[in-house]
Amino acid sequence: MKFTRLIIRLVFALIVPAATVAQAALPSPAEKMLPWEMPWGPGVPGPLSVAPLIERPAGRDGPVTVRDAHFFSGPRRLRFFGASIVFAAAFPTHAQADEVALRLARFGINAVRFHHIDYFPFPNGIFVDASREELSPAALDRLDYFIAALKSQGIYTDLNLHVSRDWARDHHWEGADQLPDYDKIVDLFHPELIAAQKHYARDLLTHVNAFTHNRNADEPAIAFLEINNEDSIFLWGGEEKLERLPAPYAGELRTLWNQWLVKKYASRDGLNTAWEKGAEPAGPELVRDPAFASIGPAGTWQFEQHQTARMNATSESSDGRKGVIVRVTDVDDISWHLQLEQNGLKVKKDQYYTLRLEARSDEPVEVTLVVNQNHEPWSELGLGQGLDLKKEWTPFRFGFRATADDANARACFLLGRKRGVLHFSNISLTTGGQLTLADAEDPARGTVQAGGRQRGDAPARARDWYDFLQQTDERFFVEMRRFLKDEIGVKYPIVGSIGLGALGTLSQSRMDVVDAHAYWDHPRFPHVQWDSRDWIVDNRPMVDYPAGATLWQLAATRVLGKPFTVTEYNHAAPNEWEAECLPMIASYAAAQDWDGIFLFDYNGDTDYRRSHTQNFFDIEGNPLKMASMPLASRLFLGGAVSPLRTSHVVTPTREEMLDNASRYFYEQWPFLRDTQYESWEGAFGNRFYLDLAPRHGVASANPPESPGGPTVNWTSAGPDSGTGRFTLADPHGVVFVGFSANAQPIELGSVRVEKMETPFATLILVPANPQQTIAGADRLLLSAVARGSNTEMKWDRARTSVADRWGSAPALVEVVHATLRIPGRPLKAFALTPSGQRGKPVPAKAGGDQTTIEIGSEPTVWYELVRQ
């Protein structure tokens with residue numbers, strides 16, 4: 001599960017806060033919503049049920065295998081349309097397990113990802129007690145039965161190994177409280193952590209399921225196994241985490257680094273010669289007034305204050321250093337609302353620069369330093385860096401290549417996140433100045449310092465550092481896969497972790513499957529992570545943001561020749577536009593011919609019978625997600641929607657990956673966009689692949705064209721313009737997501753939306769039998785989902801948070817009013833009740849070879865259309 005992270009280059013790219021841009025163009029909040037609660041029971045959701053289309057039991061044709069870059073069981077290709085079940089929800093009673101398995105199958109879920117089961121002791125996790133060493137017999141009994149119940153309904157299992165166990169903290173290791181959460185990154189190279197993970201894997205996978213009578217390692221209903229959840233050296237914030245590793249872990253990594261250098265280079269002289277190639281000596285000083293002697297409106301350094309944020313800055317000496325003391329007195333948690341800057345700097349594209357300074361604060365605080373444009377659009381020009389200030393003076397050194405020519409650039413401190421007294425001194429900006437091998441450094445003595453985070457290494461030195469990190473990252477996953485396959489005998493495919501950045505994805509390309517995660521409008525926690533009362537969302541529709549959509553980050557991680565899954569995806573509640581989530585991800589994944597998509601999550605505790613939306617992620621009880629689920633499943637799981645006809649393959653070189661590793665440490669799509677000049681349109685209109693086979697010395701060929709293929713389109717007049725439209729049209733299904741403000745009618749292939757009155761809506765129209773076409777199907781199913789809420793849900797004034805005021809049942813939905821023209825023999829149309837049963841007929845007028853249907857007269861999101 002993805003935590004909130006600060007992506008610095010997005011912080012300062014806009015001069016105004018993102019949440020206020022063009023909000024007035026979006027439709028006003030829905031004025032009328034009606035109750036919509038989907039009950040539990042064997043008959044729900046009636047004719048929408050997907051259960052008859054799911055072959056049972058799971059694994060009946062043998063274990064899941066990989067062939068032709070896809071999943072198979074025997075001769076049959078598999079796709080997985082799934083959801084995560086987390087924490088206590090993975091351990092239902094036997095009666096609950098039977099009930100949940102049946103509901104999942106009926107709503108179209110054919111795979112469950114067991115996640116975060118390694119965090120708590122039973123009944124909320126798999127362990128006996130808080131030491132998190134021994135597996136609980138009671139937990140195994142419930143997990144065994146749940147896996148068997150799912151299997152009987154045709155639902156596969158995705159087992160996760162290391163998700164959230166904190167072995168080092170549990171065992172009170174030295175400095176463990178300073179390690180990244182769940183031992184991430186460190187567990188990839190620390191031998192005892194690796195041994196502990198292998199021990200847990202052996203215990204879990206050699207366990208014989210009491211109800212299927214198979215070892216977990218042999219179970220044909222287990223689709224695949226994930227080694228580590230969101231755990232890579234190239235993790236979000238990974239460079240900062242590497243820099244902050246405490247003893248003895250930092251020393252262990254430095255030892256491995258020096259051993260790597262000894263193995264690569266015959267001598268210190270050889271290393272020194274290699275690192276000096278391409279290094280540029282420091283040029284003249286570009287900063288005017290490095291000692292901050294002139295501060296104010298007419299000075300060489302100016303400061304800005306926005307909204308209610310306040311500070312003052314004075315030129316003063318501190319501990320014998322001439323510099324500036326900044327006293328931040330009021331903040332509003334938006335970093336750019338307080339700025340200390342020098343503008344008028346000149347930078348040249350692709351020129352290497354080194355920026356140095358010394359800084360401290362009276363109390364620990366992190367601020368941001370950028371080199372960016374001093375004019376619209378205020379884009380970063382190569383440097384965007386967090387400064388972790390402590391009470392002691394700390395020297396900082398950053399190297400970067402300018403991303404554009406600019407005669408009016410600025411060096412700027414962004415200070416608006418926390419009150420405090422900050423001290424800056426001796427700032428310098430020069431061309432060149434790269435670090436080679438220092439006199440005191442010798443790999444044979446283990447004294448070569450670690451690199452990273454734009455610290456000013458010469459090109460060859462930086463390239464070696466990132467090469468070492470990638471090989472270390474890959475070595476762990478390759479060895480774990482070998483252990484699982486060869487020593488334990490796992491029969492099904494292995495996923496390492498998600499692909500993060502080009503180098504992290506390169507590591508994952510050695511696994512059987514490549515995976516990715518993404519969230520639209522993940523909640524942010526300004527002060528304390530997961531504070532249920534103190535959080536915000538942007539509350540923006542992704543359909544208005546094609547260039548910034550989550551989909552391209554996913555597509556950019558797909559590796560040619562490997563199955564591709566997305567095991568976490570969501571548009572987090574209470575985003576008012578979250579209904580776009582399932583139609584967009586299911587139709588895009590189908591058009592791309594991906595192999596699995598999983599929502600995060602289905603449920604997180606044993607209160608399965610949800611009647612309304614209760615948190616950011618759970619889909620059970622969420623009327624907007626669950627309403628779209630059976631139709632989205634048919635789009636993707638049915639496999640009838642053809643893949644896009646053409647493919648597009650990107651082949652970055654290893655040198656490009658290494659040379660851009662710090663700038664795009666964990667960012668895959670920005671790396672391809674900026675270095676390979678890829679566009680979102682190319683990732684949208686073609687099957688998109690990353691070809692890494694040449695990196696492993698393997699020849700590869702472009703995938704062939706696909707016959708047919710859907711028509712896809714995505715338009716928007718701009719962010720928050722209320723004009724975005726995403727469409728997919730295929731003989732086997734159509735999708736519309738977007739706003740009614742633009743021109744009508746809306747063409748969806750042979751289907752036409754003649755008129756849409758509701759300001760925002762999502763439509764999925766599919767045959768009940770996915771193998772039939774819309775024009776020829778005996779029965780068609782339609783979901784029409786707009787906005788939703790809970791009773792008495794209370795938004796704040798900015799509509800960016802409901803805090804803990806989520807409201808209660810009944811769940812509420814906005815009814816979609818629209819007129820559709822559908823081809824084929826005459827149709828009768830019926831509104832369906834929340835249980836999926838037929839309600840009243842809705843107006844349907846046949847004429848020629850088409851039927852015009854008016855929806856919105858009945859309080860429903862579901863319709864059944866039947867040929868006369």
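The values are calculated or read from the model by the stated rules, or taken from the named source; none is laboratory data. All of these numbers come straight from a predicted model, not from anything done at the bench. Neighbour counts are summed over all protein chains in view; Cβ atoms, including those assigned to glycine, are modelled from backbone coordinates with ideal geometry. Accessible surface is based on the protein model in full, side chains and every heavy atom, while ligands, DNA and RNA are left aside. Shrake-Rupley method; radii C 1.70, N 1.55, O 1.52, S 1.80 Å.
Backbone phi angles across segment 532-542, fed through the Karplus curve with coefficients 6.51, -1.76 and 1.60 (θ = phi - 60°), yield HN-Hα couplings of 5, 10, 10, 8, 9, 10, 6, 6, 10, x, 5 Hz in residue order; Gly and Pro are listed as x.
Cβ-Cβ distance of ASP439 and GLU681, R₀ of 41 Å, FRET efficiency by 1/(1 + (r/R0)^6): the value works out to about 0.20. For a paramagnetic label modelled at 7 Å from the Cα of THR791 toward its Cβ, which residues of segment 810-840 fall within the zone defined by backbone nitrogen distances under 12 Å? Residues 810-812 fall inside that zone. Probe radius 1.4 Å, ligands and nucleic acids ignored: give me the carbon and sulfur share of the accessible area of the chain as a rounded percent. Here it works out to 51 percent.
When mean projected area of the Cα convex hull in nm² is computed from the coordinates, the matching label among (i) 39.8; (ii) 35.2; (iii) 58.2 is (ii). ASP674 label point, 7 Å along Cα→Cβ, cut-off 17 Å on backbone N: hits in segment 463-492? Backbone N within reach: 463. Inter-label distance, ARG288 to ASP405: 2.2 nm, where each label sits 7 Å from its Cα along the C-beta direction. Descending by average beta-carbon neighbour count within 10 Å, the peptides 577-583, 553-559, 158-164 line up as 577-583, 553-559, 158-164, the highest first. Peptides 98-105, 172-179 ordered by packing proxy, namely the average of other Cβ atoms within 10 Å per residue, highest first: 98-105, 172-179. When only alpha carbons are used to place a centre, segment 227-248 and segment 564-604 end up 27 Å from one another. Computed from the Cβ-Cβ distance with R0 of 45 Å, the FRET efficiency linking GLN529 to LYS828 stands at 0.30.
Using the Cβ-Cβ distance between ASN742 and ASP170 with R0 set to 51 Å, the FRET efficiency from 1/(1 + (r/R0)^6) comes to roughly 0.35.
The modelled label-to-label distance between THR255 and ASN702, using points 7 Å beyond Cα along the C-beta direction, is 5.0 nm.
Taking a ≥ b ≥ c as the square roots of the eigenvalues of the Cα gyration tensor, segment 399-443 is oblate, since a/c reaches 1.5 or more and a/b is not larger than b/c. Around the amide H of TYR352, modelled in the peptide plane, lie the amide H atoms of GLY432, all under 5 Å away and 5 or more residues distant in sequence or on another chain.
Shape analysis of segment 565-701 places it in the prolate category; the axes a ≥ b ≥ c from the Cα gyration tensor give an a/c of at least 1.5, with a/b above b/c. Label separation (SER267 vs THR394): 3.9 nm, computed from points 7 Å beyond Cα along the C-beta direction.
Accessible area per residue for the chain, computed on protein heavy atoms with a 1.4 Å probe, is 35 Å².
For segment 52-64, putting each phi into the Karplus relation 6.51 cos²θ - 1.76 cosθ + 1.60 with θ = phi - 60° gives couplings of x, 8, 9, 6, 10, x, 4, x, 5, 9, x, x, 5 Hz, in residue order, rounded to whole numbers and with x for Gly and Pro. One chain, two ends: ARG244 and ASN343. Fully extended at 0.36 nm per residue, the span grows by 32.5 nm beyond their Cα-Cα distance. Put the Cα centre of segment 130-184 next to the Cα centre of segment 499-525 and the gap is 21 Å. Label zone of ASP181 (point 7 Å out along Cα→Cβ, amide N under 19 Å): in segment 525-565 this covers 525-538. Rounded, prolate or oblate: which one fits segment 344-452, using the alpha carbon gyration tensor with axes a ≥ b ≥ c (rounded when a/c is under 1.5, else prolate when a/b beats b/c, else oblate)? Note, shape of segment 344-452 comes out oblate. The slack between ALA846 and ALA195, meaning 0.36 nm per residue of separation minus the straight C-alpha distance, is 227.5 nm.
Our coupling estimate for segment 370-384, obtained by passing each phi through the Karplus curve with A = 6.51, B = -1.76, C = 1.60 and θ = phi - 60°, is 9, 10, 8, 5, 9, 6, 4, x, 6, 6, 5, 10, x, 10, x Hz, Gly and Pro reported as x.
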